[in-house]
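Q: Submitted below is the structure of interest, expressed as structure tokens.
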Amino acid sequence: MKKVVSLVGARPQFIKEAVIGAEVRRRNAWNHILVHSGQHYDANMSDIFFTELDMKQPDYFLGVGSGFHGKQTAEVLIKFEDLLLKEKPDLVLVYGDTNTTVAGALAASKLKIPVAHVEAGIRQSPKDMPEEINRVLTDHISKYLFCCSDLAAKNLEKEGITEGVFVAGDVMYDLYLKMKPRFTPKETREQYGLEEGRYIIATLHRDFNVDNQDSLRSILEGLVRVKKETGLEILLPIHPRTRKRIVEFGLGGLAGSLQATEPIGYLDLMSLTQDCAAVVTDSGGYQKEAYYAGKRAAVVMPDTGWREIVDSGWNILCGPKAEELAAGVASLSQTRHFPGSLFGNGNAGECIVSSLLA
Ligand code: UD1
């Protein structure tokens with residue numbers, strides 16, 4: 001039986017690993033060693049996903065924590081290399097586009113251990129955003145590249161990557177379908193004191209939005225304006241990076257006029273999304289999950305890796321300006337034809353595991 005080391009570290013990666021780990025267990029496919037880099041470590045950024053998504057506890061915890069990009073990436077690289085030298089796996093699995101992803105792929109490829117990248121081929125501008133750098137580098141040193149769509153495979157082809165590319169679909173869609181019976185929209189909404197269809201969910205954490213005082217202020221002002229103009233409540237689960245910046249920039253008053261909360265786990269966030277009026281987000285994963293829930297999203301980014309949803313007219317892009325945000329959110333109330341399945345059929349996990357076993 002093959003030995004596979006799977007490396008996770010940040011919130012969106014736990015969600016993706018939950019699908020692959022479950023499929024590996026179901027098929028007893030290989031010896032699956034789960035490694036957590038420790039990039040995310042707060043209970044509501046990490047532990048909650050392991051519990052809610054029935055994941056096995058990590059076999060190793062590298063404890064790298066937060067830091068500047070170089071330091072964080074380097075610490076994963078050093079610690080993960082040691083682990084690979086000890087475990088000698090046949091393959092390393094990495095997910096998405098975080099510092100953990102690129103460090104894991106680099107450590108493995110230098111040791112000539114094949115790398116499989118789940119969510120390969122996503123491209124967006126600005127080209128200097130950390131996630132874009134991470135995904136481009138990871139794709140170029142991976143042997144197996146699992147794409148969510150044909151567009152992602154075409155992006156790879158443009159860069160000369162044609163071997164080992166599989167269009168598998170999105171593991172996040174698999175998880176959404178699997179977990180749907182466990183969503184409790186009414187109960188969760190009531191816990192938050194929210195009425196059906198009468199609230200917007202907003203999440204922000206991108207460095208270019210929240211580390212820039214003008215952008216963060218303007219986005220929060222836009223949300224306050226949306227609240228005033230529409231009468232809708234704005235639920236704002238605050239990522240720790242954003243919380244730090246709100247304090248540093250003295251924006252607590254603006255955030256306080258919205259319904260600000262701690263970060264919310266998967267089940268509660270998806271339950272709340274079922275009954276919301278719309279979503280405002282700069283999260284790659286959540287803009288897709290909103291679409292899976294049949295909700296439209298204003299994506300606060302100059303571009304998105306999930307082009308298909310925007311090209312279909314379902315999600316919209318908007319800049320970090322109060323007026324633009326308010327106008328964008330207002331436009332979401334127009335009805336749109338639901339674009340149907342853009343990222344596979346909910347069997348991406350099965351496809352990825354089968355391809356790696358072949
Ligand atoms: C990271 C990923 C991003 C992903 C996001 C999901 C990179 C470059 N970015 O961004 O692609 O969309 O995770 O959330 O890898 N912090 C805590 N507790 C935690 C984790 C973080 O307080 O458990 C704070 C620290 O102050 C830290 C900051 O949040 O410095 C940012 O965390 P970091 O992991 O560096 O980046 P994210 O913004 O979370």
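The values are calculated or read from the model by the stated rules, or taken from the named source; none is laboratory data. This structure is a prediction, so every number in the text was calculated from the model and none was measured. All Cβ positions, even for glycine, are placed from backbone atoms using ideal geometry, and neighbour counts span all protein chains on display. Side chains are part of the model used for accessible areas, which takes the heavy atoms of the whole protein and leaves out ligands, DNA and RNA. Shrake-Rupley method; radii C 1.70, N 1.55, O 1.52, S 1.80 Å.
Q: Within region 71-88, does at least one residue satisfy the condition of being touching a His at 6+ places or on another chain (Cβ under 8 Å) and in the same structural domain as Ile133 (by TED's automatic domain parsing)? Let's see the steps before the verdict.
A: From region 71-88, those touching a His at 6+ places or on another chain (Cβ under 8 Å) are none; that's our starting set.
No, region 71-88 has no match at all.
Q: Tell me the residue from Lys86, Lys112, Lys71, Lys56 that is within 16 Å of the ligand (Cβ to nearest atom), surrounded by fewer than 20 Cβ atoms within 10 Å (Cβ to Cβ) and of a type outside the set (Val, Ile, Thr), please. So that I can check it myself, show each step before the final result.
A: Numbers: Lys86 fails: within 16 Å of the ligand (Cβ to nearest atom); Lys112 fails: within 16 Å of the ligand (Cβ to nearest atom); Lys56 fails: within 16 Å of the ligand (Cβ to nearest atom).
Matching residue, one of Lys86, Lys112, Lys71, Lys56: Lys71.
Q: On to the next question. Exactly one of these conditions fails for Gln334: (1) more than 21 Å from the chain's Cα centre (by Cα); (2) in a helix (DSSP H, G or I). Give me its number.
A: So the condition that Gln334 fails would be (2).
Q: I would also like to ask the following. Out of everything in region 217-256 that is of a type in the set (Gly, Ala, Ser), more than 25 Å from Gln191 (Cβ to Cβ) and assigned to a helix (DSSP H, G or I), what residue ends up being least open to solvent (accessible area, probe 1.4 Å)?
A: Looking at residues that are of a type in the set (Gly, Ala, Ser), more than 25 Å from Gln191 (Cβ to Cβ) and assigned to a helix (DSSP H, G or I), I get Gly222.
Q: Restricting to region 90-107, give me the number of residues that are in a helix (DSSP H, G or I), among the aliphatic types (A, V, I, L, M) and either more than 11 Å from the ligand (Cβ to nearest atom) or modelled with pLDDT under 95 (or both). Please lay out each step first, then the result.
A: Step one: list which residues in region 90-107 are in a helix (DSSP H, G or I), which gives 99-107.
Imposing the further condition that a residue be among the aliphatic types (A, V, I, L, M) reduces the set to 102-103, 105-107.
Subset that is either more than 11 Å from the ligand (Cβ to nearest atom) or modelled with pLDDT under 95 (or both): 105-107.
The total comes to 3.
Q: Could you tell me whether any residue of region 29-40 is among the small types (Gly, Ala, Ser), within 21 Å of Asn134 (Cα to Cα) and within 11 Å of the ligand (Cβ to nearest atom)?
A: yes
Q: Filter region 184-213 down to residues that are in contact (Cβ under 8 Å) with a residue 60 or more places away in the chain and within 30 Å of Met129 (Cβ to Cβ), then give me how many there are.
A: 12
Q: Anything in region 134-160 that is more than 16 Å from the ligand (Cβ to nearest atom) and in a helix (DSSP H, G or I)? List them, or say none.
A: His140, Asp150, Leu151, Ala152, Ala153, Lys154, Asn155, Leu156, Glu157, Lys158
Q: Could you tell me which of the residues Tyr291, Tyr266 is away from the ligand (no atom under 16 Å from the Cβ) and open to solvent by less than 20 Å² (accessible area, probe 1.4 Å)?
A: Of Tyr291, Tyr266, the one residue that is away from the ligand (no atom under 16 Å from the Cβ) and open to solvent by less than 20 Å² (accessible area, probe 1.4 Å) is Tyr291.
Q: Looking at Glu131, Glu119, Glu163, which is the one that is in a helix (DSSP H, G or I), of a type in the set (Asp, Glu), open to solvent by 10 Å² or more (accessible area, probe 1.4 Å) and out of contact with any His (no Cβ under 8 Å at 6 or more places or on another chain)?
A: Exactly one of Glu131, Glu119, Glu163 is in a helix (DSSP H, G or I), of a type in the set (Asp, Glu), open to solvent by 10 Å² or more (accessible area, probe 1.4 Å) and out of contact with any His (no Cβ under 8 Å at 6 or more places or on another chain), namely Glu131.
Q: Out of region 198-216, which residues are within 11 Å of the ligand (Cβ to nearest atom), open to solvent by 30 Å² or more (accessible area, probe 1.4 Å) and closer than 26 Å to Gln274 by Cα?
A: Correct list: His205 only.
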